[in-house]
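The values are calculated or read from the model by the stated rules, or taken from the named source; none is laboratory data. These numbers come from a predicted model, not from an experiment. Don't worry about glycine lacking a Cβ; one is built from the backbone with ideal geometry, like all the others, and counts go over all protein chains shown.
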Amino acid sequence: MARANNYRRWQFQMIAPYLHGKVLEIGGGIGNFTPALAQAVESVVSLEPNAYCHQQLVEKTKSLPNVTVYQMTAEVLDQRMPPDYRADTAVCMNVLEHIRDDEAALRIFSRRLKTGGTLALLIPAAPWLFGEIDRKLGHYRRYSKAGVRALLKKTGLTAVKLRYFNFIGVWAWWWNARIAKSKTQNDSQIHIFDNYIVPWQSRLEAVLPPPIGQSLLVVARKDTD
């Protein structure tokens, strides 16, 4: 999916309106989103635990003076980050589903937000789609709106926006997981999706939000310490 440039831009557009100030990026990966974040905000602190991805992230951001990269997991953030660091916005794009204890992770993210700060998540939607491809990708779960609301309530965060996107992706994922019994994502399907579907689907969904989607945008606010 790193080669799916249109899809990556679409995902960034989903969170862009909620970015401001100092940003904490949880799971920078190989830097697919970090440079765009750096252009939009005051500063970015990006965390990435995987050694290979961390090196790619460092290379991609070394010319950006407002980006700081750490090699660490979200779970050790409190032990490794300066205790007085607080972000205006925490961004976690396609990462929360890889964390076994997502409730504990959200509590950590919340502690690192200023009061009034914003958490922006992109997560896989529709638990009924969960299958072998998810497991191969290291996913522990997929999410529903109701499940996210309950999770946010437990962690002291207030839901601001919950919005599905990528309606067509639901049925492509269902086909691969349930009918074709695929175990990996298909490069040709990704190419077709990115080049021929995303350009018009993203414009349509900007006007008509779908009732279900392959992914879920979650925006939450920290109201109190």
List the number of the failed condition for Cys92; all other conditions in (1) within 18 Å of Leu216 (Cα to Cα); (2) at pLDDT 95 or above; (3) part of a helix (DSSP H, G or I) hold. (3)
Conditions (1) farther than 21 Å from Val23 by Cα; (2) without any contact (Cβ under 8 Å) to a residue 40 or more places away in the chain; number of the one not met by Ile133: (2)
Selection from segment 33-47 of residues that are small (Gly, Ala, Ser) and under 15 Å from Met81 (Cα atoms): Ser46
Condition check for Ala120: at positive phi and crowded, with 18+ Cβ neighbours inside 10 Å: no
Tell me which of these Leu122 doesn't satisfy, since it passes every other one: (1) in contact (Cβ under 8 Å) with a residue 40 or more places away in the chain; (2) of a type outside the set (D, E, K, R); (3) more than 15 Å from Val218 (Cβ to Cβ). (3)
Among the residues of segment 176-193, which ones are buried (at least 17 other Cβ atoms within 10 Å of the Cβ) and either of a type in the set (A, V, I, L, M, F, W, C) or over 19 Å from Leu137 (Cα atoms) (or both)? Ala177, Phe193
Enumerate the pairs (first residue in segment 205-225 and charged (D, E, K, R); second residue anywhere and part of a helix (DSSP H, G or I)) with beta-carbon separation below 8 Å, excluding pairs fewer than 6 apart on the same chain, so at least 6 apart or on different chains. Glu205/Phe167; Lys222/Ser110
Could you name every one of the strands (runs of 3 or more DSSP E) located completely within segment 9-71 that has at least 2 residues being at pLDDT 95 or above and closer than 30 Å to Pro199 by Cβ? 22-26, 43-47
Return a yes/no flag: does segment 138-148 have any residue that is touching a Leu at 6+ places or on another chain (Cβ under 7 Å), surrounded by fewer than 19 Cβ atoms within 10 Å (Cβ to Cβ), within 28 Å of Gly21 (Cα to Cα) and not aliphatic (A, V, I, L, M). yes
